[in-house]
Structures are given as C-alpha cells and as structure tokens.
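What follows is a set of notes on a single structure, which appears directly below.
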Amino acid sequence: AVPIKGTEFYEFLLRNKFLDMARPLSSYDPNSQPVYSYPQITSDEMYKIAMYGYRSFYFRLTYIFRRLLRSYNRREDFKYMCYCINRYFIEPFYKSK
C-alpha cells in the first residue's frame, strides 16, 4: 500500500509515527521497500515477504506453462517473462547484499 497525503492510511501512519519521514513520499518507487514500518514488522521484512509471494506465485511451472499455452503473442509474453525474472529474482538478490 502506498500512503498518499490526505488519505486515511497516510493519516493513520502519521498519527502513529509509523511513517519514515527520512524518505520522502515523492521518492516512492514500486520496486523499493515501503516508506513505513510497524512495530511488529519492518519495511525491509515487508519487502522480502512481498517478493517471496510474487516469486512463489508467478514462477510456478504450471503457471508459466499455462501462460505460454494461452498466449497469442509469444514475443510479448517472452518480454514480460524476462521483465518478471529481472524484477522478482535478480533485483531483490542484488538489493539484499
């Protein structure tokens, strides 16, 4: 979830001091860690759990085969698969170091 100024979520994070004020919201990148954390879980842990979930779902062999069998535009699917491999396997690996 992205906290946007003026929303209930943003106000909740601000009121409870969960928002990381050192990281401006304007620098939000969907490929990065959340700009907030809770006492029970840090933004780094949230990011790692989300990446694990994406990898677990999208890189099941059955999902990949079904996607390829149903696709009409093989070139676009191949490009998307390369994007997913980079996004969910390669980038998180280098960010964790």
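The values are calculated or read from the model by the stated rules, or taken from the named source; none is laboratory data. Remember, it's a predicted structure, so these values are computed and weren't measured experimentally. No Cβ is skipped: glycine too gets one built from the backbone with ideal geometry, and neighbour counts run over all protein chains shown. Accessible surface areas use protein heavy atoms only, side chains included; no ligands, DNA or RNA. Shrake-Rupley method; radii C 1.70, N 1.55, O 1.52, S 1.80 Å.
Going through Lys17, Lys5 one at a time, which residue ends up being open to solvent by 100 Å² or more (accessible area, probe 1.4 Å), more than 20 Å from the chain's Cα centre (by Cα) and at pLDDT 90 or above?
From the options Lys17, Lys5, the qualifying one is Lys17.
Cβ-Cβ below 9 Å, separation at least six or inter-chain, first residue in the range 76-97 and of a type in the set (A, V, I, L, M, F, W, C), second modelled with pLDDT of 80 or more and not in a helix (DSSP H, G or I): which pairs?
Cys84/Phe59; Ile85/Phe59; Phe89/Phe59
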